[in-house]
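See below for the structure under consideration.
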Amino acid sequence: MMTTLVAARLSLSPGRVGAVINRNVGALRSGPSYWIVLISGFFEPLLYLLSIGVGVGALVGDLSVDGHTMSYAAFVAPAMLAVSAMSGALAETTFNFFFKLKYMKTYEAVLATPVRPFEIAVGELVWAVVRGSVYTVIFLGFMVALGLTTVAGAIAAFPATVLIGLAFGAVGMWVSTLMRGWQDFDLLGTGQFAMFLFSGTFSPVHDYPVGVEILIQLTPLYHAVELVRSLCTGIVGPGILVNIAYLAVLVVGGLWLASRRVEKMLCV
Amino acid sequence: MADQSLIFARGLVKRFGDFTAVDGIDLDVAPGEAFGFLGPNGAGKSSTMRMIGCVSRPTAGQLRILGMDPVRDGTRIRARLGVCPQLDNLDPDLSVRENLTTYARYFGVSRAEARTRADELLEFVQLSDRANGKVEPLSGGMKRRLTIARAMVNDPDLVLLDEPTTGLDPQARHLVWERLFRLKQRGTTLVLTTHYMDEAEQLCDRLVVMDGGKIVAEGSPRSLIQNYSTAEVVELRFADGLDSNAQYAAKLDGIGERVDPLPDRVLLYADDGDEAVAEVHRRGLTPASVLVRRSTLEDVFLHLTGRTLVD
Amino acid sequence: MMTTESTPVTRAADPPRLRPVVAIVERYLTLYRRLWQASVFSSFILPILFLVSIGIGVGGYVGSVEGVDYLSWIVPGVLVSTAFQICVGESTYPVLGDFKWVRAYHAMRAAPVSPKDIVHGHLIYMIFRVELAIAAFLLVVVFFDGLHSPWALATVPICALLTAAVVTPVAAFAASIESDSYFALLFRFVVIPATLFSGVFFPVEQLPAAIRPVAYASPVWHAVELSRAATLGRAPGWPILVHVGYLLLWAVVGLIAARRVFARRLED
């Protein structure tokens, strides 16, 4: 009984998932301003890269990490890429998802059709990652152009950014279902920003006191940054398997919890 | 019987914690029927509709929709339902037409077919000229008509309408009624909830009156009025009414079939209203105003529950 | 009918336009009292985290800039960018919202409150908000040994001036648009670049000569220059009057624009 229910909950119709994505494509097409906003999204990490990576990098000079010497910009760029993958996915699955869930009542209308909560969750997540991937591809192009990684590094890093998008997107979606109102987004934004500042993005985590370092190593962006930096710089160790496993767990757990919450909220 | 019914319920119950929203109701809705739930806010109409729409699990009792089990076959049932919710949940990010085409995709309707249907339905709800416009600037009545069109996009066997005209101005209501009446004429099975008796009288072949989660009466609007009211009702208002209506009611005792004192007026139920008024004057009473009218479902509800429908 | 004696016009004693402005400020303060917790993170904690991550973390690799340690160098930068962020944040969504969704301005207009009063009230409230945030920031920075002169107190009027120069044009912009999607563009193309390239993290002299004038055009750069001179206790590179005059120019033009746009929008 239990297993059939679980199977029913997790069964997917690609057509219906596609229809959920189709809605977002339609929304994108009908609003010209939405387009500009979407496309302009990749500027943010790029500007950070130019300001902190190149601007502050000129003050820093070269950096020695685990015995490898690299320019500060080459150190920061992969982190900005990971951040870009994270925030691209989060933008869609937190703010937009919450708005559709709570205010537009989009999903109430959708759930009156054959579409299931799990299909909504998967559709929204796939859409978020597709959207985020536009940013990461452009960003990788810039990194190659600026000599901050190789073409091979960029090709290796791209699937990693997809995984990062899936992981943050899934968890973000679950978190959105727990939000009480807009004020909670301030907390989410703060958490996101704190991770952005301390996940080995701007300086190596070894510099922090041991306790802080361990705490950071428990957070998701740290694993995302480590994974992408390994692949972009070509300094790959067995540690990336831990990073990958960590992120994969987030994808599965986040999706599972998110669809359960949607069902609890809307199917009572 | 159960095999032909589009909706079949026995002892259907919905509880939210300690609160019982629907308290053991039986239903049979036949194909082609226009069936209504009449009752005040909180009577359990919307909870019943959500169970029928397979987005809410029954707490207890038997429920079969289109001959299937809503818990197990929810997806298959919903594929054949059209739902028009109480509050419009149209998609403001999409154009009027895209609202229909996008929705059709959820049912697996092909893109080309979705476009054709969208255009037909926009024509049907008289919104063709707004097809490429945004949803936001539409009036309340237009939005409701668009929501009804959206509910038709999968060519459903059964259309559920939760309070289809609540919040609309009189003109917009009549336009919506007229469209729903056309649907009915085409043979579409309609199930609707309402707390307006005029709406129930206009649209429903058969209805149940709900109160406190229970069905308190069932029948056609005509038969309900015949069974639970008189042909005519006299409304009497007294200048010093308000506090003394109960005393007036005592003095009116015996006229017609029943006397009902309300805070602002006294109702006299009689098959011949004019005769009842004559008797009132013979008893030497001088009401400030007298109105003789036909009986409505409002009177039925008042009789059944002792309360007015719209408060 | 009884003849009523005319009530004595006690109101005439009050300065004519002060009363509504005070009422507007009170309204904002009432809202702030209910919502201040939500702004604690963005106004107080994030700037400190920023300082720790970049100032101390990255600063460890930088050494000294213009003769001082990196932390001391970016303290005035982070201070001004914090003030700037608060100004923009509180003049975008809240202003459009009060026109469009909450319609609070229309309610005010129905009372004897003029569009000018609304603009002035908002500005006064914003100065209060900014001063509160920078006071807390300065207090914390004292413990980081980030201030080098009693002139640091001059950052209080500098930030008030910056507030006037930023709040008024941004509020005018917010009052002139219909869709909040434009804010995303404002953030991406104006606010973030102004934060990242206005001498907050590295000297603008490092920018390519072609881009430098853009930094000079930004009010943020002028406020940063003044604040940096104040906290380090030395004269700025450009004459003080030029910096102050430029900020005043923004404030005056912004104020005129805001008054006009508010009046026009409340006419309909």
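The values are calculated or read from the model by the stated rules, or taken from the named source; none is laboratory data. None of the values given here were measured: they were computed from a predicted structure. Here Cβ is always computed from backbone atoms with ideal geometry, including for glycine, and neighbour counts include all displayed protein chains.
Side notes on the structure shown:
- There is no residue in segment C:106-116 that is buried (at least 22 other Cβ atoms within 10 Å of the Cβ) and assigned to a helix (DSSP H, G or I).
- Checking each residue in segment A:170-190 for being crowded, with 16+ Cβ neighbours inside 10 Å, polar (S, T, N, Q) and free of Cβ contacts under 8 Å to residues at least 40 places away in the same chain picks out only A:Thr190.
- All of B:Thr101, B:Thr116, B:Thr75 fail the test of being modelled with pLDDT of 90 or more, over 25 Å from the mean Cα position of the chain (by Cα) and at the interface with chain A (Cβ under 8 Å from one of its Cβ atoms), apart from B:Thr101.
- Residue match in segment B:60-72 (condition: assigned to a loop (DSSP other than H, G, I, E, B), within 22 Å of A:Phe99 (Cα to Cα) and within 14 Å of chain A (Cβ to nearest Cβ)): no
Every residue, every condition in (1) over 27 Å from B:Leu168 (Cβ atoms); (2) at pLDDT 90 or above, yes or no:
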{"site": "B:Gly187", "(1), (2)": "no, no"}
{"site": "B:Leu192", "(1), (2)": "no, yes"}
{"site": "B:Glu201", "(1), (2)": "no, no"}
{"site": "B:Leu207", "(1), (2)": "no, yes"}
{"site": "B:Met210", "(1), (2)": "no, yes"}
{"site": "B:Ser220", "(1), (2)": "no, yes"}
{"site": "B:Ser223", "(1), (2)": "yes, yes"}
{"site": "B:Ala231", "(1), (2)": "yes, no"}
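- Test: B:Thr165 is of a type in the set (Val, Ile, Thr), away from chain A (no Cβ under 14 Å), farther than 28 Å from C:Ser179 by Cα and surrounded by fewer than 21 Cβ atoms within 10 Å (Cβ to Cβ): no
- Residue count for segment B:151-196, restricted to those that are of a type outside the set (Lys, Arg) and in a helix (DSSP H, G or I): 13.
- Applying a threshold of 7 Å to beta carbon distances and a minimum spacing of six or more residues, or different chains, the list of pairs starting in segment A:58-69 at a residue that is facing another protein chain (nearest Cβ under 8 Å) and ending at one that is assigned to a loop (DSSP other than H, G, I, E, B) reads A:Ala58/C:Phe202; A:Leu59/C:Phe202.
- None of C:Arg228, C:Arg259 is touching a residue at least 40 places away in the same chain (Cβ under 8 Å), of a type in the set (D, E, K, R) and farther than 22 Å from C:Ile124 by Cβ except C:Arg228.
- Scanning segment C:247-258 for residues that are surrounded by fewer than 19 Cβ atoms within 10 Å (Cβ to Cβ) and not aliphatic (A, V, I, L, M) gives no hits.
- Residue tally, condition over 20 Å from B:Gly140 (Cβ atoms) and part of a loop (DSSP other than H, G, I, E, B), over segment B:73-113: 7
- Test: B:Gly108 is closer than 25 Å to B:Phe37 by Cβ, within 9 Å of chain A (Cβ to nearest Cβ) and small (Gly, Ala, Ser): no
- Segment C:106-126: number of residues that are more than 14 Å from C:Leu255 (Cα to Cα), among the aliphatic types (A, V, I, L, M) and touching a residue at least 12 places away in the same chain (Cβ under 8 Å): 3
- Pairs with Cβ under 6 Å, 6+ apart, first in segment C:45-59 and more than 7 Å from every other protein chain (Cβ to nearest Cβ), second of a type in the set (S, T, N, Q): C:Pro47/C:Thr82
- Segment B:119-140, residues that are within 12 Å of chain A (Cβ to nearest Cβ) and out of contact with any helix residue (DSSP H, G or I) (no Cβ under 8 Å at 6 or more places or on another chain): B:Glu136
- Cβ pairs under 6 Å, 6+ apart, first in segment C:10-39 and more than 12 Å from C:Val113 (Cβ to Cβ), second assigned to a helix (DSSP H, G or I) and at pLDDT below 75: C:Ala38/A:Gln183
- When C:Asp98 is tested against (1) among the acidic types (Asp, Glu); (2) within 14 Å of the chain's Cα centre (by Cα); (3) over 30 Å from C:Thr231 (Cβ atoms), exactly one condition is not met: (2).
- Total residues in segment C:142-197 satisfying the condition of being facing chain A (nearest Cβ under 10 Å) and free of Cβ contacts under 8 Å to residues at least 60 places away in the same chain: the figure is 11.
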